[in-house]
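A quick write-up on the structure given underneath.
The values are calculated or read from the model by the stated rules, or taken from the named source; none is laboratory data. Please read all numbers here as calculations on a predicted model, not as lab measurements. Note that we place each Cβ from the backbone using ideal geometry, even for glycine, and neighbour counts take in every protein chain shown.
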Amino acid sequence: MQHPVLISGAGILGCYISQALSLHGIQSIVLEKNSEQIAESIRTITLNPFSKSLLDNVDIKNDYSIIDKMEVTDFDGTGKIVFDSSEIDIDHLAYVIDFVTLLKSVRKKAENSILYQEEIIEIKDKKSHHEATLSSGKIIKTNLIISSDGKNSSLSNKIPKSDKDYSQTALTFLAKAENDLGEKAFQIFSDYGICAFMPSTREKEKVVTVVWSIPNDLIKDGYDEFIDNNLEKISKKIKNNFHIKSEIQSFKLASHNKSRYVEFPIVLVGDSAHSIHPLAGQGVNLGFEDANSLVKKITNTINQSDSIKLKEDLENYSNERRFQNELMLKTMDGFVALFEQKNPYVRFLRNFGLNTFDHSKFLKSFFVKVASGPIR
Ligand SMILES: Cc1cc2nc3c(=O)[nH]c(=O)nc-3n(C[C@H](O)[C@H](O)[C@H](O)COP(=O)(O)OP(=O)(O)OC[C@H]3O[C@@H](n4cnc5c(N)ncnc54)[C@H](O)[C@@H]3O)c2cc1C
C-alpha cells in the first residue's frame, strides 16, 4: 500500500493493529483525540487465550493473573457448572489484567506511530487515494482508515445499528477476600444481578476484582447501600466473604451491532462496530478477533497491491465478523433473559439444565473453546 493506514483511536485495539501491521512492513498512523494522560482506574479486563496470544506475538508482555477454574452458579437453586482448564485440555481459561496497565503497555509499543490530540474532521476522495484532514489542519493521504475509536465513534455514526439498553448498571471494585480465590473465578446469577469475582493482579494477597451487573431499579437510591445489603448474602453462596478495598466505578450497560463494518475507505473494529453485555468478558476479545481477521485481509491485499481486491476483502471481513459477533451477542442476551426469569418452572429447568451441562465434558469443552477464541 502506497500510503500509511490511518487508525482512528489509540485504544487497546488501535495500538495492537498498528503493531500487527508493522510486523508485515505496513506503516500506520494512529490518531488519539485525547492527550497522552490516561486516567487511573481500578477496572480490570479479562482476556481469552487467543487475545493474549495475539499480544504475545507483537511482544506486548504483561503480568496477568490466571483463571484456571470458573464456577457458574444459580443463587436460587442447586444449578452449577464448573469449567476447569485441566478437564478441557487448555493451558488456562483466561487472563486478568488492569485495564490501565494494558492500555499503557500497548500505547508504549505503538508510541512512534501515535499522534495525540488529533482526530479526523474530513475525508476527501481523490480517486487514487483519500485525503484525511485532521483537527490540527494537517492533511494525510491514505488508502484505508480503520475506525477503532470506540462506542461513540464519529467515523461510524452514519452506519445504522441495532442496539439494546439492558436497564442494568455494571459496578466494579476491588475487594479483599477472606478465603483466597487462588486461580478460580466465580459468577453468580441472582435476582440481585450477575456478580463475578475474579483474581486480581493489583495486590497479590487475596484481592479480587468484582464486576456486578445490577438491574437499575434495584440501585435507583444509590449503589453503596445496595452493595452493603447484598455483598455478604451473595458471597455466602460461594462460602466466602469480601471487604471493599477501592472506589466503586459504574458503567451503564447497553449493546450494539452495526449493520455493516465497512463504508469504504473506513472499516470498523472493536467497540466502534459492536459492544456486548460484560457477563462473559467477551467485549475486547471479539475486538481482537476482528483485528486479527482485518490484519490478515489487509496484508493479503498489500501483497497483491490491488485496490479492488482490498474492497472485496473488506466486504468479506465485514460479513464474516458481523455474523460471528451477532451470534455471540444473541447468545449473551439469551443468558441475560434466562436468568431474569422469575417463573418457578423456568427456574427449575434452568437449574436442571446447568447441572446436566456440568456433567457433559463435550458441551463444556465446546463452550470454552468458543469463548477462548479461534486458537486451535
Ligand atoms: C464494566 C465493563 C467491563 C468489561 N470487561 C471486559 C472484560 O473483562 N473483557 C473484555 O473482553 N471486555 C470487557 N469490556 C469491554 C471492553 O472494555 C471494550 O470492548 C474495549 O475496551 C474496546 O476497545 P476499543 O479499542 O475498541 O475501544 P476503546 O477502549 O473505547 O478505545 C477507543 C479509543 O479511541 C479514542 N477516540 C474516540 N473518539 C476518537 C476520535 N474521534 N478520534 C481519535 N480517537 C478517538 C478514545 O479516546 C480511546 O482512546 C468491559 C466493558 C465494561 C463496560
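Side notes on the structure shown:
- The residue that is nearest to Tyr64 (Cα to Cα), counting only those in the range 96-140 that are at pLDDT 95 or above and small (Gly, Ala, Ser), is Ser105.
- Pick from the range 9-45, criterion assigned to a strand (DSSP E or B) and at pLDDT 95 or above, ranking: farthest from the ligand (Cβ to nearest atom): Ser28
- Flag if Ile214 is more than 13 Å from the ligand (Cβ to nearest atom) and within 30 Å of Asp290 (Cα to Cα): no
- Check on Phe251, near the ligand (Cβ under 10 Å from one of its atoms), closer than 21 Å to Ser148 by Cα and surrounded by fewer than 17 Cβ atoms within 10 Å (Cβ to Cβ): yes
So that you can scan it fast, the table gives a plain yes or no per residue for (1) modelled with pLDDT under 70; (2) surrounded by 15 or more Cβ atoms within 10 Å (Cβ to Cβ); (3) not in a helix (DSSP H, G or I):
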position	(1), (2), (3)
Asp313	no, yes, no
Asn316	no, no, no
Met332	no, yes, no
Ala337	no, no, no
Lys342	yes, no, yes
Tyr345	yes, no, no
Arg350	yes, yes, no
Leu354	yes, yes, no
Phe357	yes, yes, no
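- Enumeration of residues in the range 293-314 that are within 21 Å of Gly150 (Cα to Cα) and in contact with a helix residue (DSSP H, G or I) (Cβ under 6 Å, 6 or more places away or on another chain): Ser293, Leu294, Val295
- Any hit, the range 184-191, residues being within 23 Å of His92 (Cβ to Cβ), more than 16 Å from the ligand (Cβ to nearest atom) and of a type in the set (Asp, Glu): no
- Taking the criterion of being assigned to a loop (DSSP other than H, G, I, E, B), of a type outside the set (Phe, Trp, Tyr) and under 30 Å from Lys141 (Cβ atoms), the residues of the range 245-300 that qualify are Ser259, Arg260, Pro265, Val269, Ala273.
- Checklist (1) part of a loop (DSSP other than H, G, I, E, B); (2) without any contact (Cβ under 8 Å) to a residue 60 or more places away in the chain; (3) basic (Lys, Arg) applied to Lys239, failing item: (2)
- Condition check for Glu71 on (1) under 27 Å from Ile7 (Cα atoms); (2) touching a residue at least 12 places away in the same chain (Cβ under 8 Å); (3) surrounded by fewer than 21 Cβ atoms within 10 Å (Cβ to Cβ): one failure, at (1).
- Candidate set: the range 183-231, residues that are basic (Lys, Arg) and outside any strand (DSSP E or B); chosen: the one nearest to Leu102 (Cα to Cα): Arg202
- Residues (more than 9 Å from the ligand (Cβ to nearest atom) and among the small types (Gly, Ala, Ser)) located in the range 257-290: Ser259
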